[in-house]
Amino acid sequence: MTIFINLDTKQISPDQIAENAIDNPELLQDLLNGIGPQTQKSARRENCSQALIYMAETWPEILLSHWDFFIDLFSTNNGFSKYVAIYVIASLVKADPSGRCEKNLDDYFKLLSDESVMVASHAALNSAKIALACPALQSEITNRLLIIDQTHHDSGHLALVKAYVIESLDALYASSDLKPEIQAFVTAQLQCESPKTRKLAKAFQAKWEA
């Protein structure tokens, strides 16, 4: 039996919304529409965003056919749409046998230069998830993170993004072929103007130099 779900209220949890959307194409389409770049009610955008992120993590095969939809969101002017697309794509990679990740790698990593610090930061953070799901791309992804200084961000924003870069590098370090390069990057961040980034750099060194 199809259950009506009012996406404009917070009366049902994201996991319940996602579960109901599995066998309800109309609801799934509503979720996809709800993360689009057009103006949305905040409750609807939040419900749709959280449900799709949960669905991508739990049942990625359900969303694989919508891969291009999420990739297209990378080029919109709405940071919240991009944010959801980042998390969904990072989760779908592990369930995609066709290698679309490599095809769209440039589209993804353009987000590191996004004018939104939120978008750039979470693109950096989810890079490790993609790299671990696609071992053949791990060195390339690591190198793209290591050249974060080549993005357009001013020094203050760049310092913030680097905290998320370090988190990704920490997740990749154990299996990386680029340990010296990673160490050099992290060491340089001990002088970063962001307190959060300096703290993560110190924690990284304490963890991996032991």
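The values are calculated or read from the model by the stated rules, or taken from the named source; none is laboratory data. None of the values given here were measured: they were computed from a predicted structure. Virtual Cβ from ideal backbone geometry, glycine too; neighbours counted across all protein chains shown. Accessible surface areas use protein heavy atoms only, side chains included; no ligands, DNA or RNA. Shrake-Rupley method; radii C 1.70, N 1.55, O 1.52, S 1.80 Å.
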Choice from GLN189, GLN16, GLN50 with maximal GNM fluctuation in the chain (Cα, 10 Å cutoff): GLN16
List the lysines whose Cα lies under 16 Å from the Cα of LYS103, skipping any in the same chain that are fewer than 8 positions away. LYS94
GluC sites (Glu not before Pro) within the range 33-136: DSSP coil, no more than 16 neighbouring Cβ in 10 Å: GLU115
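Carbon and sulfur together cover what percent of the accessible area of the chain at a 1.4 Å probe radius?
The computed percentage sits at 52.
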Under the rule a/c < 1.5 gives rounded, and otherwise a/b versus b/c splits prolate from oblate, where does the range 80-210 land using the Cα gyration tensor? oblate
Set LYS10/LYS82; LYS10/LYS41; LYS110/LYS207; LYS162/LYS199 screened for pairs whose C-alpha atoms are more than 19 Å apart: LYS10/LYS82; LYS110/LYS207
Residue by residue through the range 152-157, what is 3J(HN,Hα) from phi via Karplus (6.51 cos²θ - 1.76 cosθ + 1.60, θ = phi - 60°)? Round to whole Hz and write x for glycine and proline. 8, 4, 6, 4, x, 5
Where does helix 179-188 land angle-wise versus the long Cα axis of the chain, in degrees 0 to 90, nearest 10? 80 degrees
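Just want to confirm a number: the relative contact order over the chain, from Cα pairs under 8 angstrom separated by 6+ residues, in percent. Please report the intermediate quantities before stating the final value.
Values: 247 pairs, mean separation 28.1, N = 210.
Here the relative contact order equals 13 percent.
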Projected area averaged over all directions for the convex hull of the alpha carbon atoms of the range 6-83, nm², comes out at 4.6 nm²
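Please list 166-178, 121-133 highest first by mean number of surrounding beta-carbon atoms within 10 Å per residue.
Ranked from most to least packed, the peptides come out as 121-133, 166-178.
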Distance between the C-alpha centers of the range 159-210 and the range 11-48? Whole Å please. 36 Å
With no solvent and one point on each alpha carbon, what is the Debye value of log10 I(q)/I(0) for the range 1-43 at q = 0.21, 0.22, 0.26, 0.34 Å⁻¹? -0.69, -0.75, -1.02, -1.39
Ordered by residue, what ³J(HN,Hα) values in Hz, to whole numbers, does the range 159-175 give under the Karplus form 6.51 cos²θ - 1.76 cosθ + 1.60, where θ = phi - 60° and Gly and Pro are x? 4, 5, 4, 4, 4, 6, 4, 4, 4, 5, 4, 4, 5, 9, 4, 4, 9
Restricting to DSSP H runs of at least four residues, report the calculated mean residue ellipticity at 222 nm for the chain, -39500 (n - 2.57) per run over all residues, nearest 500 deg cm²/dmol. -19500 deg cm²/dmol
The base-10 log of I(q)/I(0) that the Debye equation returns for the range 1-133 at q = 0.09, 0.16, 0.18, 0.20 Å⁻¹, one scatterer per C-alpha, is -0.24, -0.76, -0.95, -1.16
Answer in debye to the nearest 20: the dipole magnitude of the chain about its Cα centre, from +1 Lys/Arg and -1 Asp/Glu charges placed on Cβ, is 620 debye
